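Here's the structure we're looking at; comments come further down.
The values are calculated or read from the model by the stated rules, or taken from the named source; none is laboratory data. Fair warning: this is a prediction, and the values are worked out from it, not measured in the lab. Cβ atoms come from the backbone with ideal geometry, glycine included; neighbour counts cover every protein chain shown. Note: areas computed on protein heavy atoms with side chains; ligands, DNA, RNA excluded. Shrake-Rupley method; radii C 1.70, N 1.55, O 1.52, S 1.80 Å.
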Amino acid sequence: MVSGESFSRIEGELACEEVPLKHIAERYGTPCYVYSAAAITQRFQRYKEALAGLSHRICYSVKANSNLSILKLLAAEGAGFDIVSGGELYRVMAAGGDPASVVFSGVGKTEDEIRFALERSIHSFNCESVPELETISRLASMMGKQASVALRINPDVNAVTHPYISTGLREHKFGIDIKSAPGVYDVASRLPGLRVEGVSCHIGSQIVDIGPLLEAADRAIELVRNLRSSGIDIRYLDLGGGLGVAYRSGEHSADPSSLVTSIKRKLDGLDLTLMLEPGRSIVAEAGVLLVRVLLVKTNGAKKFVIVDGALNDLIRPALYQAYHEIEPVAIQREAEEAVDVVGPVCETGDFFARGREMQPVQAGDLLAIRTAGAYGFVLSSNYNSRPRPPELLVSGKTVSVARARETYADLIRGEGSCA
Ligand SMILES: *Cc1c(COP(=O)(O)O)cnc(C)c1O
């Protein structure tokens with residue numbers, strides 16, 4: 001099973017925790033996102049347990065899934081938050097998260113966003129350039145604040161992942177080249193309004209082989225030692241997120257505890273607070289996109305299963321050539337034929353699977369598109385004027401509406417009245 005025990009079959013039918021997905025589809029309609037609360041907290045706790053005994057802060061990467069209910073769940077577990085926009089800070093606060101636990105990442109922060117974050121006294125900024133440092137310095141000084149900053153260094157290691165989600169090479173736009181980092185730290189340490197006390201990096205996403213992450217850690221730690229010896233008092237080491245999950249059955253997710261165990265050893269005697277920014281590895285496996293088959297059609301030799309979900313709901317297959325397991329919600333039988341599972345949107349890229357071996361399905365059947373909890377709903381749009389699907393959070397026997405299905409009225413909100 002791809003996602004452990006949170007999605008399992010009860011009398012043959014796929015359920016989320018104790019709620020059959022069929023009941024959710026009947027009550028809330030399709031397409032819809034369904035998340036397991038237990039799966040999310042369990043995954044967060046894995047990090048927590050692995051980090052026990054070490055000074056640390058786990059900052060959940062909000063962009064992976066920014067639903068308020070999920071942020072609330074994680075805040076209650078003691079999570080901090082990694083944000084990449086003012087909007088994400090607003091969400092964290094709306095969910096009752098503590099701004100003092102927030103790190104602000106991103107290669108292009110606006111002055112409004114920086115001011116907002118300074119006003120709320122977030123924990124720190126992960127900075128990626130000298131102009132950004134100068135802007136934060138100027139705004140913090142004007143506001144009579146001291147901003148804690150880390151520099152996001154680009155360690156020039158290659159995370160083996162899809163090119164669109166690899167970020168740790170010099171050719172990428174992210175971070176400060178590790179070779180020029182000491183000079184930039186020197187500049188930063190002279191700027192007013194800044195406390196330069198962190199080294200951060202994030203080399204990519206969906207990393208299954210932790211080797212490159214450990215190599216990045218080594219380079220970052222070497223930099224910490226150098227900076228300390230030149231009088232810059234580094235207290236935080238932020239190694240970003242990026243641990244990968246199993247999208248195909250038979251694959252294994254990267255294990256946070258083996259990563260953390262290796263890093264702990266490297267940090268021995270260094271008196272650093274370790275920060276991590278996991279996103280996908282907390283929420284991906286905790287969610288499915290539930291869709292219903294509209295019809296089955298054949299074009300020559302090809303068979304298409306046309307479902308009511310589409311690329312506007314889940315764009316990962318089109319954007320990253322991502323693979324998602326697709327399971328019939330009713331009893332699973334032997335796969336018999338290769339089909340394309342596609343949505344109704346007018347784009348050839350609107351597919352969930354191509355040439356996928358599946359059991360025969362027919363109009364009205366429910367399909368669960370697995371491992372859709374991360375970079376799923378957050379990347380959804382209203383393309384083709386399709387209202388976005390609801391997000392439902394399951395805990396045991398209880399289903400709560402974490403976000404309501406959008407209506408046609410929602411589609412035209414802000415476009416003026418046509419009266
Ligand atoms: C996206 C992102 C993360 C989270 O990455 P995952 O692969 O989802 O764990 C963490 N830190 C930064 C700076 C990011 O941009």
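Applying 1/(1 + (r/R0)^6) with R0 = 22 Å to the Cβ-Cβ distance of Glu111 and Tyr90, what FRET efficiency is obtained, to the nearest 0.05? Don't jump to the answer; show the numbers that get you there.
On the way: r = 16 Å, r/R0 = 0.74.
The calculated FRET efficiency here is 0.85.
Which value, in nm² and rounded to one decimal, describes the direction-averaged projected area of the C-alpha convex hull of the stretch 275-333? Before the final figure, lay out each step's value.
Values: hull surface 24.8 nm².
For the stretch 275-333, averaging the hull's shadow over all directions gives 6.2 nm².
Can you order the peptides 271-277, 258-264, 78-84 by their average number of other Cβ atoms within 10 Å per residue, highest first?
The peptides rank, most packed first, as 78-84, 271-277, 258-264.
Nearest 10 degrees, 0 to 90: what angle lies between the long axis of helix 37-51 and the longest principal axis of the chain (Cα atoms)?
The angle comes out at about 30 degrees.
So, by mean Cβ neighbours within 10 angstrom, what's the order for 86-98, 403-415, 134-146 with the highest one leading?
In decreasing order of mean packing, 86-98, 403-415, 134-146 become 86-98, 134-146, 403-415.
Between the stretch 267-298 and the stretch 35-85, how far is it from one alpha carbon centroid to the other, in angstrom?
Using only Cα atoms to place each centre, the spacing works out to 11 Å.
In deg cm²/dmol and to the nearest 500, what is the mean residue ellipticity at 222 nm of the chain if only DSSP H runs of at least 4 residues count, each as -39500 (n - 2.57), divided by the residue total?
It lands at -8000 deg cm²/dmol.
Strictly over 28 Å apart at the Cα level, which of Lys48/Lys109; Lys48/Lys72; Lys179/Lys266; Lys48/Lys397; Lys63/Lys173; Lys264/Lys397 would you flag in this model?
In this structure, Lys48/Lys109; Lys264/Lys397 lie more than 28 Å apart at Cα.
Which three lengths, in whole Å and largest first, does the stretch 16-76 cover when its Cα atoms are put on their principal axes?
Extents along the principal axes: 47, 23, 16 Å.
In whole angstrom, and with the biggest value first, how far do the Cα coordinates of the stretch 235-383 range along each principal axis?
66, 35, 23
What angle do you read, to the nearest 10 degrees and between 0 and 90, between the alpha-carbon axis of helix 211-229 and the longest principal axis of the chain?
For helix 211-229, the angle is close to 20 degrees.
What share of all Cα pairs of the stretch 344-419, in percent, falls into each consecutive 10 Å distance bin?
All Cα pairs, binned at 10 Å, distribute as 12, 36, 35, 14, 3, 0 percent.
As an exercise, use a Förster radius of 22 Å and the Cβ-Cβ distance of Arg333 and Val296 to find the FRET efficiency, rounded to the nearest 0.05. Walk me through the numbers before you get to the answer.
Details: r = 16 Å, r/R0 = 0.72.
Computed FRET efficiency for Arg333 and Val296: 0.90.
Which cross-chain or sequence-distant (5 or more) residues have an amide H under 5 Å from the amide H of Arg235, H modelled 1.01 Å from N in plane?
The list, which skips near neighbours in sequence, is Gly198.
What angle do you read, to the nearest 10 degrees and between 0 and 90, between the alpha-carbon axis of helix 130-142 and the longest principal axis of the chain?
So the inclination is approximately 70 degrees.
Per 10 Å bin, what percent of the C-alpha pairs of the stretch 87-152 does each bin hold, from zero upward?
So the P(r) values, bin by bin, are 22, 59, 19, 0.
Ordering Tyr247, Tyr320 from largest to smallest accessible area (1.4 angstrom probe), what's the sequence?
Tyr320, Tyr247
Could you list, bin by bin from short to long, the percent of Cα-Cα pairs of the chain in 20 Å steps?
The percentages, shortest bin first, are 26, 53, 20, 1.
If you place +1 on the Cβ of every Lys and Arg and -1 on the Cβ of every Asp and Glu, how big does the dipole about the Cα centre of the stretch 105-278 come out, in debye to the nearest 20?
My answer is approximately 280 debye.
Report, in debye and to the nearest 20, how large the dipole of the chain comes out about its Cα centre when Lys and Arg carry +1 and Asp and Glu carry -1 on their Cβ.
Details: 45 positive and 51 negative charges, 95 e Å.
The calculated dipole for the chain is roughly 460 debye.
How far is it, in nm, from the label point at Ser249 to the one at Asp177 when both lie 7 Å from their Cα along the line to the Cβ?
4.8
Using only protein heavy atoms and a 1.4 Å probe, report how much of His23 is accessible, in Å² to the nearest 10.
Accessible area, nearest 10 Å²: 100 Å².
As a test, work out the antiparallel percent of DSSP beta bridges whose residues both lie in the chain, rounded to the nearest 5.
Taking every DSSP beta bridge with both residues in the chain, the antiparallel ones total about 50 percent.
Between Leu411 and Glu347, what length comes free when the chain is fully extended (0.36 nm per residue of separation minus the Cα-Cα distance, one decimal in nm)?
Here the answer is 21.0 nm.
Along each of the three principal axes of the Cα atoms of the stretch 105-278, give the extent in whole Å, ordering the values from largest to smallest.
Largest to smallest, the principal-axis extents are 55, 35, 29 Å.
Read phi for every residue in the stretch 342-353 and hand back ³J(HN,Hα) as whole Hz from Karplus 6.51 cos²θ - 1.76 cosθ + 1.60, θ = phi - 60°, with x for Gly and Pro.
Once rounded to whole Hz, the list reads 10, x, x, 6, 6, 8, 5, x, 7, 9, 9, 7.
Determine the relative contact order of the stretch 346-419: mean sequence separation of Cα pairs under 8 Å and six or more apart, normalised by residue count, in whole percent.
After rounding, I find 19 percent.
If eta is 0.890 mPa s and T is 25 °C, what Stokes-Einstein diffusion coefficient results for the stretch 29-118, Kirkwood Rh from Cα pairs, in µm²/s?
176
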